[in-house]
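Structure, as structure tokens:
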Amino acid sequence: MKRDVEAPPESDRFADLPHPRETFALFGHEAAESELLDGFRRGKLPQAILIGGPEGIGKATLAWRLARFLLAHPDASRPEAASAESLFIAEEASVSRRMAALALPDLFLLRREWNEKTKKHFTEIRIEDVRRLIHLFQQSSGEGGWRVAIVDSVDDLNRSSANALLKLIEEPPARSLFLLVAHQPGRVLPTIRSRCRKLNLASLAEADVIAAIRALGAPWAEAKQETLAGAAAGAEGSVREALRLLDGDGVAFDAALRAMFARLPQVDWLAVHSLADRLAGRDNEQAYETFMSGLYRFLDSTVRTKAGEGASATSLAPYARAWERIGEAARETEVFNFDKRGLILQVFADLEEAAKGA
């Protein structure tokens, strides 16, 4: 299924890969899938589900898979729903084709929208985007079954849009389901978290990462097994990260970044300046995204490891502050098109300070 070439880019689509709504294979999350299917059959499906876990492990794929199943089989008592062994619906099914075209009246998608003026995506899900969703939910059901809203991702909500979404979740129409994809569920507005069933997905095993890449077909599936294995090993369970690493010198670049992070609080400022020059170019967007992804994975892994070792909240606070400062600086760099060199230098200054203060 190919998207319309004249349509604006989709913020929840990675590169030229199939969108999660166009993906029909699910790897590594069979237990979560069974739990959702069982809840539907028993009439115990909650009104809102927060699907959490690292980026690129299949959270959105699972959300679209559940939505597709509910819209295809709205009545759990029907034989086709009662006998189903998974949430799989075939690609050639009518609901699959209509979903791929976003032509289902009872399916709603909330994501960062395209800004025609700047020719970039907005950096957040705005309150006006949520208001459009609220308006749609106030209308009668188009086909008399479930109404499903997918938020990809809830991390992109600002405080105003998060509070607006909260009001809709608190008083949803009958037979409504909200599927909230969260890359950092712990940072989601607590009032939203408290009204959702939490479904946390684990990072994929390396074998599942490789299988997911091979399922994409050419050209990704044509990579040598040792190349795929190397990318999967460095991706920490994320298909998206593995695909980044497969691009050009991604594996070597990722290894160099890991070495720089591992030396903290020691910083090789000559290497940092060289890195900043490399990432500042207009043609190096992919390398910049790899850097930012690796940075957030490093912060997340560091905090998790230290917390698991019994570190106090006080000792973890410097990393939390660094995370906030870096996130804000990255957003400002994107919104105002600042030179990325300044951002890279600030990142390592913040990391140096955090590592010394932890």
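The values are calculated or read from the model by the stated rules, or taken from the named source; none is laboratory data. These numbers come from a predicted model, not from an experiment. Ideal geometry is used to build each Cβ from the backbone, glycine not excepted, and the neighbour counts take in all protein chains shown. These accessible areas exclude ligands, DNA and RNA; they are computed on the full protein's heavy atoms, side chains included. Shrake-Rupley method; radii C 1.70, N 1.55, O 1.52, S 1.80 Å.
For this structure, a couple of remarks:
- Between Ala276, Ala311, Ala358, Ala330, the distinction of being under 25 Å from Asp156 (Cα atoms) and among the aliphatic types (A, V, I, L, M) belongs to Ala330 only.
A quick yes/no check of all residues on (1) outside any loop (DSSP other than H, G, I, E, B); (2) out of contact with any Lys or Arg (no Cβ under 8 Å at 6 or more places or on another chain):
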| site | (1), (2) |
| --- | --- |
| Phe88 | no, no |
| Arg97 | yes, yes |
| Ser140 | no, yes |
| Val151 | yes, no |
| Ala164 | yes, no |
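- For Arg112: the one exception among (1) over 23 Å from the mean Cα position of the chain (by Cα); (2) part of a loop (DSSP other than H, G, I, E, B): (1)
- First in segment 323-337 and over 13 Å from Leu351 (Cα atoms), second anywhere and of a type in the set (Asp, Glu) and open to solvent by 80 Å² or more (accessible area, probe 1.4 Å), Cβ under 9 Å, 6 or more apart: Thr333/Asp339
- Of the set (1) at pLDDT below 95; (2) under 16 Å from Asn163 (Cβ atoms), all apply to Lys120 but (2).
- Scanning segment 89-139 for residues that are within 27 Å of Gly43 (Cα to Cα), open to solvent by 40 Å² or more (accessible area, probe 1.4 Å) and touching a Phe, Trp or Tyr at 6+ places or on another chain (Cβ under 7 Å) yields Glu91, Leu136.
- Any hit, segment 59-73, residues being touching a Gly at 6+ places or on another chain (Cβ under 7 Å), in contact (Cβ under 8 Å) with a residue 40 or more places away in the chain and either under 17 Å from Ser11 (Cα atoms) or of a type in the set (Phe, Trp, Tyr) (or both): yes
- Take the conditions (1) under 30 Å from Glu116 (Cβ atoms); (2) surrounded by fewer than 17 Cβ atoms within 10 Å (Cβ to Cβ); Thr333 misses just one of them, which is (2).
- Of all residue pairs spaced 6 or more apart or on separate chains, those with beta-carbon atoms under 9 Å, a first member in segment 204-219 that is closer than 12 Å to Leu246 by Cβ and assigned to a loop (DSSP other than H, G, I, E, B) and a second member that is open to solvent by less than 60 Å² (accessible area, probe 1.4 Å) and not hydroxyl-bearing (Ser, Thr, Tyr) are Leu216/Leu17; Leu216/Pro18; Leu216/Val239; Leu216/Leu243.
- Restricting attention to segment 243-255, the residues that are part of a helix (DSSP H, G or I) and open to solvent by 50 Å² or more (accessible area, probe 1.4 Å) total 3.
- Selected residue [open to solvent by less than 10 Å² (accessible area, probe 1.4 Å) and either closer than 26 Å to Phe14 by Cα or modelled with pLDDT of 90 or more (or both)] from Phe261, Phe178: Phe178
- Selection of segment 211-268 for residues being of a type outside the set (D, E, K, R) and at positive phi yields Gly217, Gly237, Gly248.
- Against the test of being small (Gly, Ala, Ser), surrounded by 15 or more Cβ atoms within 10 Å (Cβ to Cβ) and touching an Asp or Glu at 6+ places or on another chain (Cβ under 7 Å), the options Ala81, Ala72 yield a single qualifying residue, Ala81.
- Options Leu299, Leu345; residue that is under 29 Å from Asn115 (Cβ atoms), at pLDDT 85 or above, open to solvent by 40 Å² or more (accessible area, probe 1.4 Å) and among the aliphatic types (A, V, I, L, M): Leu345
- Matching entry among Pro46, Pro74 (being over 25 Å from Leu216 (Cα atoms), in contact with a strand residue (DSSP E or B) (Cβ under 6 Å, 6 or more places away or on another chain) and assigned to a loop (DSSP other than H, G, I, E, B)): Pro46
- For Arg68, the stated conditions hold: it is modelled with pLDDT of 95 or more and among the basic types (Lys, Arg).
- Of residues in segment 140-154 being polar (S, T, N, Q) and touching a residue at least 12 places away in the same chain (Cβ under 8 Å), the one least open to solvent (accessible area, probe 1.4 Å): Ser153
- Of all residues in segment 182-196, those that are more than 13 Å from Asn158 (Cα to Cα) have Cβ atoms under 7 Å from Cβ atoms of residues that are of a type in the set (Ser, Thr, Tyr), 6 or more apart or on another chain, in Ala182/Ser153; His183/Ser153.
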